[in-house]
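Worksheet: the structure to be examined is printed underneath.
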Amino acid sequence: MIEVRASPAKITATLVVAVAMLVWTIPIYSLVVGSMKSLQDVMSSPVFSPPRELDLTTLASVAAELLTPMVNTVAIVLPTSLVATFLGALAAYAIYRRSDRLSDTLMVLVAIATYIPYQATLVPLVNIVKAFNLYNTLPGVILGFMIYYVPMAALLMSIFITVVPKSMIEAGLVDGVSEFTMFTRIVLPVLGPGLVSTMVFLVIQTWNNFFIPLILTRGYEMHVTLKVFSYVGQSGTLYNQMFAAALIASLPTLIIFIVLGRYFVRGLMVIGMGAK
């Protein structure tokens, strides 16, 4: 009989992974058990204790209150992620086709734009949105997101687009295909996993973004993160309502990641390998 012993390095790695999983599980556990507590249970028990009696009335009432903000958020997130991904891919294609000093300079500017913090551009962003009479509207929030996430999409797609052979593009142009037709009918299909990865990333970013909707709207109904924040009371917090709101608000992005997660991970692997 052959006895197989795990090496100390393997045991250590397993313990580190187990501890990391435990740390990641604690917030999810507290969200689930906290959202299922009654008001009396909330007032008399610690946050991490399980509910004495299962109570789903808080989840039901909070879900009804979150319906309008979640519909508004979907109306913001879908066009933002789709258009930003398309424009980012188009910009990456244009830069990839030039491959000269100007395109390198443009890529540096795009990279700088992605690292500018929201707070530094608060006043100009609000002024731009007000100039188009879009303040406190859904198109105004979409415009704010587009200003930030089109450069980020261009930066990500500039990594993915290097998998497209330039010889294939040049062969198509020799056959008389226009640049836009080449981009839409040949380059975009090749970039499928990269497009999905970028779009999933933008969906998660825009869904979870709090600051941009905060400065471009009034009230709590325009974006789901604002509505979740509204459950934080100034004199006291009923954490079962806050946990229920956070749990419900996180479900759409969680479902999207479960369904399209393999494309997202594949995209990260491509970025890690330098798109080789």
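The values are calculated or read from the model by the stated rules, or taken from the named source; none is laboratory data. Computed from a prediction, not measured in an experiment: that's the story for all the values here. Here the Cβ positions follow ideal geometry from the backbone for every residue, glycine too, while neighbour counts run over all protein chains shown. Ligands, DNA and RNA are stripped out before the accessible areas are found, and what is left, the full protein with its side chains, is counted by its heavy atoms. Shrake-Rupley method; radii C 1.70, N 1.55, O 1.52, S 1.80 Å.
Taking 0.36 nm per residue of sequence separation and subtracting the Cα-Cα distance, how much length would be gained by fully extending the chain between Val259 and Leu15, in nm to one decimal?
Details: separation 244, 0.36 × 244 = 87.84 nm, distance 2.88 nm.
Extending this stretch completely gives an extra 85.0 nm.
Annotation for the stretch 11-59: chymotrypsin sites (Phe, Trp or Tyr not before Pro) lying in DSSP loop with at most 16 further Cβ atoms inside 10 Å of their Cβ are Phe48. Residue by residue through the stretch 210-216, which ³J(HN,Hα) values in whole Hz follow from phi under the Karplus form 6.51 cos²θ - 1.76 cosθ + 1.60 (θ = phi - 60°), with glycine and proline marked x? The phi angles translate into 10, 5, 5, x, 5, 8, 9 Hz. The modelled label-to-label distance between Ala171 and Ala63, using points 7 Å beyond Cα along the C-beta direction, is 5.3 nm.
Rounded, prolate or oblate: which fits the stretch 1-118 when a ≥ b ≥ c are the square roots of the eigenvalues of the alpha-carbon gyration tensor, with rounded for a/c under 1.5 and prolate only if a/b beats b/c? Oblate. With θ taken as phi - 60° and the Karplus curve 6.51 cos²θ - 1.76 cosθ + 1.60 applied, the whole-hertz 3J(HN,Hα) list for the stretch 250-257 is 8, 5, x, 5, 5, 5, 4, 5 Hz, x standing for glycine and proline.
Determine the shape class of the chain: with a ≥ b ≥ c the square roots of the Cα gyration tensor eigenvalues, call it rounded for a/c under 1.5, and otherwise prolate if a/b is greater than b/c, oblate otherwise. Don't skip to the answer; put the middle values down first.
Values: a/c = 2.56, a/b = 1.37, b/c = 1.87.
The shape class here is oblate.
The longest stretch of the chain left intact once loop-based GluC sites (Glu not before Pro) with at most 10 other Cβ atoms within 10 Å are removed from consideration, loops following DSSP, is 54-276.
For the stretch 72-119, what does the alpha-carbon gyration tensor say about shape, rounded, prolate or oblate, given a ≥ b ≥ c as the root eigenvalues, a/c under 1.5 as rounded, and a/b over b/c as prolate? Each step should come with its number before you reach the end.
Values: a/c = 6.57, a/b = 1.63, b/c = 4.03.
Oblate.
For the chain, the relative contact order comes to 28 percent (Cα pairs under 8 Å, sequence separation of at least 6).
Between Val42, Val62, Val203, the residue with the greatest mean-square fluctuation in the GNM of the chain (Cα pairs under 10 Å linked by springs) is Val42.
Using heavy atoms of the protein chains and a probe of 1.4 Å, the accessible area assigned to Phe257 is about 80 Å². Across Gly194, Gly219, Gly176, mean-square fluctuation computed from a Gaussian network of the chain (C-alpha pairs under 10 Å connected) peaks at Gly176. If the chain linking Tyr118 and Ser250 were pulled fully straight, counting 0.36 nm for each residue of separation and taking away their Cα-Cα distance, it would gain 45.3 nm.
Highest-first packing order for the peptide set 32-39, 141-148 is 141-148, 32-39, based on the mean count of other beta carbon atoms within 10 Å.
Ranked from largest to smallest solvent-accessible area, with a 1.4 Å probe on the protein heavy atoms, Ile186, Ile248 come out as Ile186, Ile248.
Using heavy atoms of the protein chains and a probe of 1.4 Å, the accessible area assigned to Ser167 is about 80 Å². In this rough spin-label picture, where each label sits 7 Å from Cα along the Cβ direction, the Leu78-Val108 distance is 4.1 nm.
Expected output is a single nm value to one decimal: the length gained when fully extending between Arg101 and Glu221, i.e. 0.36 nm times separation in residues minus the C-alpha distance. What is it?
Numbers: separation 120, 0.36 × 120 = 43.20 nm, distance 4.61 nm.
Gain in length upon complete extension: 38.6 nm.
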